[in-house]
1. Give all pairs with beta carbons closer than 7 Å in which a residue from the stretch 58-77 that is part of a strand (DSSP E or B) and surrounded by 15 or more Cβ atoms within 10 Å (Cβ to Cβ) meets a residue that is at pLDDT 95 or above and among the basic types (Lys, Arg); count only pairs at least 6 apart in sequence or on separate chains.
2. Given the condition under 30 Å from Asp173 (Cβ atoms) and either among the aromatic types (Phe, Trp, Tyr) or without any contact (Cβ under 8 Å) to a residue 40 or more places away in the chain (or both), answer yes or no: does some residue in the stretch 46-55 qualify?
3. Checking Pro314 against (1) under 22 Å from Pro198 (Cβ atoms); (2) surrounded by 19 or more Cβ atoms within 10 Å (Cβ to Cβ): exactly one of these is not met. Which one?
4. Got at least one residue in the stretch 222-236 being buried (at least 20 other Cβ atoms within 10 Å of the Cβ), hydrophobic (A, V, I, L, M, F, W, C) and not in a helix (DSSP H, G or I)?
5. Provide a single number: the residues in the stretch 326-343 that are of a type in the set (Gly, Ala, Ser) and closer than 18 Å to Val213 by Cβ.
6. Going by the structure shown, is Leu264 out of contact with any helix residue (DSSP H, G or I) (no Cβ under 6 Å at 6 or more places or on another chain), buried (at least 16 other Cβ atoms within 10 Å of the Cβ) and either closer than 28 Å to Gly101 by Cα or among the hydroxyl-bearing types (Ser, Thr, Tyr) (or both)?
7. Restricting to the stretch 286-300, name every residue that is surrounded by 16 or more Cβ atoms within 10 Å (Cβ to Cβ) and farther than 20 Å from Thr274 by Cα.
8. Just to be sure, is Arg333 surrounded by fewer than 16 Cβ atoms within 10 Å (Cβ to Cβ) and within 14 Å of Leu203 (Cα to Cα)?
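The values are calculated or read from the model by the stated rules, or taken from the named source; none is laboratory data. As the structure is a computational prediction, the values presented were derived from the model and not from experiment. A quick note on method: Cβ atoms are made from the backbone with ideal geometry, for glycine too, and the neighbour counts reach across all protein chains shown.
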Amino acid sequence: MSDPLLMDYGGPIEEIALCNPVGLAHTALVRAHRNLLVALPSEVMVKLVCRPEDVTALERWLRRIGRDNAELVPATGRIGPDAIWIQDPFMVTRGARGRPGYISIVAEHDYDYAGWLAAVDGRLVTRSRIGLTGGNMLVGRDFRLVGADSITGGPVASPKQSSRALARHKAFDDRPLYIYGHREGLIPAKRGRLWQTPFHIDLALALTGCRTVRGEPIVLLGQPAWRDHGLDRAAERLREDGFFVLRNRLPGKDMRLRYSNNVLVENIVRAGETAPLVFVPTYGRADDTRVLAVWGALGFTPRPVADWNFGLFPGGALRCASKVLKRRSAPKRERVISDDVLAEVGSWSG
């Protein structure tokens, strides 16, 4: 495709979309959205997708929390409770001459966010039949990472079907494509299907927008308190593909993966700040501070966004529930992190 996808890091966020499909009745979602809106700089434009009957109540709620730079976007079609995960069914392109566009894709949550947003901002919408979910792809400056499930298409897919899917994904954007997953071999693999852990890569993997002194992109991959062989093998595959993988300890010892790496990253210092911002979901556990410390050691100012409780939001967190629609220009060079810093941060996961 000719219109590049918006990166998952880079310049400061200028515009972001959220979705509240049930109004003020979903108190946990309202609380989590409030915490994000308070953490975001006031200049960030917020577009809140909602049912038409909830527009007035949500406008009042936005005024109460002091969020004036916001616009309500009525959903003119079917919308259900799972529509909170606005990340998944569409992609954002940078657009010619700074005018972003939307690509509607085939995802688990099949809602027309792209059409609803375009109805209020006039951006161009294109439709793609590619099988992809926003939470299963991360876009860097010169690479893309896609979860294996988006390529293999499930356990019943044939090698021929997987090969066709891989070709479609490679053509979707000009950047080189890397597959996140575990088990050795290429796709289609003679030694069996390539699997991924967890079911969306952004639940465990975060791009930092930083590089090593050797030019390797630095990524954070979660390391839970228990041994997860799928994540360990995914880390090995990422390293083989040329990424520098930092394993960061995640909160919780109850065999449930918390999505602390489901973040929103900036790589330029905003006016009034001393370091680039990263917005991090937190779970009210002592180990939340360890996650924030990792970002601090990498030269970011982490802004915690509370109340992404696993029991209330078992399928996602901050990035899953938001969609960056526009960023300022990315830095010309990505920030370099020294080997000494990387070694120190890496030792914290032991």
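1. Glu71/Lys47; Val73/Lys47
2. yes
3. Among (1) under 22 Å from Pro198 (Cβ atoms); (2) surrounded by 19 or more Cβ atoms within 10 Å (Cβ to Cβ), the lone unmet condition for Pro314 is (2).
4. Within the stretch 222-236, none of the residues are buried (at least 20 other Cβ atoms within 10 Å of the Cβ), hydrophobic (A, V, I, L, M, F, W, C) and not in a helix (DSSP H, G or I).
5. Total satisfying the criteria: 2.
6. yes
7. Across the stretch 286-300, the qualifying residues are Asp287, Asp288, Arg290.
8. no
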